[in-house]
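No lab work stands behind these numbers, since they all come straight from the coordinates. Everything numeric in this text was worked out from a predicted model, so none of it was measured. Neighbour counts are summed over all protein chains in view; Cβ atoms, including those assigned to glycine, are modelled from backbone coordinates with ideal geometry.
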Amino acid sequence: MSRLVYFVGRALRGMRQALFINVVAVLTMAIALFVVSVFAGAVGQMQSLLDAWGQDIVVAIYLDDDASAEDVHRIKKAVAFAAGEDSRVEHIARDEALERLRNSLGEDAGILEGLDRNPLPASVEVRGGVTKEGPEALQNLAELAMELPGVTEADYGREWVSRLEGLITLGSMAGFLVGGLILLAAVVTVSNTIRLALFARKDEIEIMKLCGATDSFVRAPFLIEGGIQGTLGATVALLSSLLLWLLLLPRIEQGLTDAFAMQVEVGMPAGVLVLLVPGGALLGLAGAALSVGRFLRV
Amino acid sequence: MIRLFNVTKEYPGSRPALLDVSLHVPKGQFVFLTGSSGAGKTTLLKTIFCAERPTKGQILVGGRNTARLDRNRIALLRREVGVVFQDFKLISSRTVGENVAFALEVVGAGRRTINKRVYFLLKSVGLEDKISADPRTLSGGEQQRVAVCRALANHPKVLLADEPTGNLDSERSVEIMELLHEANARGTTVMVATHDTELVERFRRRVIHLDRGRVIEDDESPAIFSGEEAGPHSDGDPGGEEGEEAAEA
């Protein structure tokens with residue numbers, strides 16, 4: 001314990017001696033982790049939003065006006081079989097469809113008054129089962145339904161599901177690439193700071209070794225210095241991210257609610273935020289280890 | 001304490017710094033290593049504290065073959081070997097006291113032990129009032145006394161000094177030599193590399209003379225030490241256990 005206190009003391013002393021360069025390293029780490037956390041948080045939120053919507057995706061199979069009750073029964077049975085055990089299949093009669101539309105229009109329901117006949121087709125709605133398994137499963141189900149007699153169309157919002165999924169995949173890839181590069185830059189910055197510290201204290205290290213210091217005794221304060229830089233940088237990034245999410249969350253929720261005409265709730269990316277500080281400490285440690293290892297081999 | 005068997009040290013592109021050197025320094029002996037610049041004195045000392053590996057031959061220090069020591073064992077060996085350099089090698093960013101404490105921190109001594117030992121050592125060389133001073137504000141002689149304190153901090157079995165008086169005037173040189181003799185009087189084996197023949201004459205001890213990397217003379221004649229002006233048993237007792245205990249009391 002006293003050894004650890006001694007090493008931490010020496011690390012802090014070293015940081016104080018080169019304050020400016022250490023502040024630069026901490027800020028670089030903070031900026032890198034902030035950008036990565038915001039990126040990862042945003043992609044993660046989009047993914048979870050899509051997952052949540054995926055739970056709620058409805059495949060609407062529109063029926064021919066001439067479809068008989070027997071046809072409807074057959075279609076329901078075939079679709080339920082194809083959609084899997086935990087799927088729910090519901091027949092929406094034309095009148096019911098009109099009633100739903102009227103309810104969803106609310107105050108604007110008056111525009112329906114002028115209709116001389118119900119223009120909406122009857123449908124079979126499928127929820128759950130394979131509909132949760134992504135665009136391909138949805139498409140297969142829709143294609144199968146289209147082949148059934150009495151079906152005129154099958155719809156599941158194919159366009160936006162595919163686009164959103166594509167966007168998220170692209171976002172994730174870009175995030176990994178950009179985030180990876182930024183993190184690499186942060187590690188290199190810490191590594192260079194430690195290397196400068198090693199050069200600045202070259203004489204001290206030489207004397208340490210002459211006095212009988214082991215390699216681990218020489219290494220420890222520098223590794224701790226890197227760890228402290230990473231931890232401090234990550235803490236700044238964490239506080240900035242929290243502030244950003246607190247300020248932006250209501251706006252994001254409002255924007256999504258307006259865009260999709262449905263109530264959207266977006267939470268903080270807790271997983272990303274929790275990992276920030278230990279992740280930062282590890283990155284700092286890794287950066288320091290890179291330089292220390294190389295320096296002591298010389 | 002120190003044995004060299006046919007030690008040769010070669011650097012690429014130049015003549016051997018050491019050539020087939022064999023010698024034995026028994027425990028508690030004081031030895032001068034003499035020779036002109038480039039004779040191999042520094043290289044010889046470096047091979048003993050493992051800053052250099054010999055190209056050929058074997059070196060035993062305290063019964064340990066240095067060729068067989070890994071990095072960690074070399075570190076442990078160095079705790080038993082104090083080294084003093086011509087340019088003092090004090091850390092300018094640390095105080096005088098911290099410079100001496102450094103050697104004790106390395107071996108994991110406790111804070112209280114370190115404080116007591118540092119105070120005792122500096123007191124023994126008359127520098128206790130400089131404990132918090134910046135070493136750069138000290139004179140050359142004072143800096144070298146601090147360096148000797150650091151070398152003696154861990155009660156080394158061997159003390160190696162490479163031109164310890166090279167940067168000092170004759171009066172300060174004698175002071176430093178007295179400190180080394182006092183350490184020797186307490187049982188520490190001491191090897192001093194110097195080209196100062198006046199000092200060698202004054203403190204008559206075994207003299208190993210090197211020339212172009214070879215031992216050309218080894219004068220093992222017994223020491224005739226004139227004690228009055230440069231005596232080893234003066235009041236100051238750097239590194240001595242008894243004095244330290246008294247100081248602690």
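At a glance:
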read-out: Selected from B:176, B:85, A:221, residue furthest toward positive end of dipole (the protein assembly as shown; charges at beta carbon); value: B:176
read-out: Other-chain or far-sequence residues with amide H under 5 Å of residue B:8's (modelled H); value: B:20, B:21, B:55, B:56, B:57
read-out: Whole-Å distance, taken between Cα centres, linking segment A:275-295 and segment B:103-177; value: 37 Å
read-out: Beta bridges per DSSP with both ends in the protein assembly as shown, % antiparallel, nearest 5; value: 65 percent
read-out: Range of Cα positions in segment A:11-87 per principal axis (Å), largest first; value: 86, 24, 11
read-out: Built amide H within the under 5 Å cut-off of residue A:154, gap 5+; value: A:62
read-out: Gaussian network model of chain A, Cα within-10 Å springs - most flexible of A:105, A:33, A:249; value: A:105
read-out: Which of A:140, A:197, A:156, positive extreme of dipole for segment A:139-270 (C-beta unit charges); value: A:197
read-out: Modelled FRET efficiency - R0 45 Å, residue B:36 with residue A:176, Cβ distances, 0.05 increments; value: 0.10
read-out: Angstrom value of the Kirkwood radius, inverse mean 1/r, which spans all Cα pairs in the protein assembly as shown; value: 30.1 Å
read-out: ³J(HN,Hα), Karplus 6.51/-1.76/1.60, whole Hz, each residue of segment A:107-119, x for Gly, Pro; value: 5, 8, 4, x, 5, 7, 4, x, 6, 8, 8, 6, x
read-out: Extreme residue, positive dipole direction of the protein assembly as shown, given options A:277, B:166, A:167 (C-beta unit charges); value: B:166
read-out: Coil-residue trypsin sites (Lys or Arg not before Pro) of segment B:12-84, DSSP, other Cβ within 10 Å capped at 16; value: B:27
read-out: Loop GluC sites (Glu not before Pro), segment A:14-92 (other Cβ atoms within 10 Å of the site Cβ: 15 or fewer; DSSP); value: A:85
read-out: Taking segment A:58-156 and dividing mean pair separation by its residue count, relative contact order in percent (alpha carbons under 8 Å, at least six apart); value: 50 percent
read-out: Segment B:110-121 - phi-based ³J(HN,Hα) in whole Hz, Karplus 6.51/-1.76/1.60, Gly and Pro as x; value: x, 4, 5, 4, 4, 4, 5, 5, 4, 4, 4, 4
read-out: Residue order, fewest to most surrounding Cβ atoms within 10 angstrom, among A:81, A:39, B:203; value: A:81, A:39, B:203
read-out: Enclosed volume per residue, in Å³, of the convex hull spanned by Cα atoms of segment B:28-169; value: 131 Å³
read-out: Degrees between helix B:140-152 axis and first principal axis of chain B (Cα, 0 to 90, nearest 10); value: 80 degrees
read-out: Taking all pairs of distinct alpha-carbon atoms in segment A:58-156, Kirkwood radius in angstrom; value: 14.1 Å
read-out: Karplus (6.51, -1.76, 1.60) ³J(HN,Hα), θ = phi - 60°, over segment B:10-25, in Hz, Gly and Pro reported as x; value: 10, 10, x, x, 9, 5, x, 6, 9, 9, 6, 8, 10, 7, 9, 10
read-out: Estimated [θ] at 222 nm from DSSP helical runs (n ≥ 4, -39500 (n - 2.57)) normalised by residues in the protein assembly as shown, nearest 500; value: -19000 deg cm²/dmol
read-out: Ranked list, fewest to most other Cβ atoms within 10 Å of each Cβ, for A:23, B:192; value: A:23, B:192
read-out: Cα-based helix-to-principal-axis angle, B:170-185 vs chain B, degrees rounded to 10; value: 90 degrees
read-out: Span-like helix ranges in chain A, DSSP H, alpha carbon extent 15 angstrom or more, Kyte mean at least -0.5; value: A:2-17, A:19-55, A:69-83, A:135-146, A:158-200, A:215-260, A:270-297
read-out: Long-range amide H partners of residue B:214 with built H, under 5 Å; value: B:19
read-out: Rounded Å value of the spacing that divides the Cα centres of segment B:14-35 and segment A:85-134; value: 102 Å
read-out: Isotropic mean projected area of the C-alpha convex hull, chain A (nm²); value: 22.1 nm²
read-out: Count of lysine pairs in chain B with Cα separation under 14 Å (8 or more residues apart, or interchain); value: 4
read-out: With 10 Å bins from 0: P(r) over chain B, alpha-carbon pairs, percent; value: 7, 32, 36, 20, 4, 0
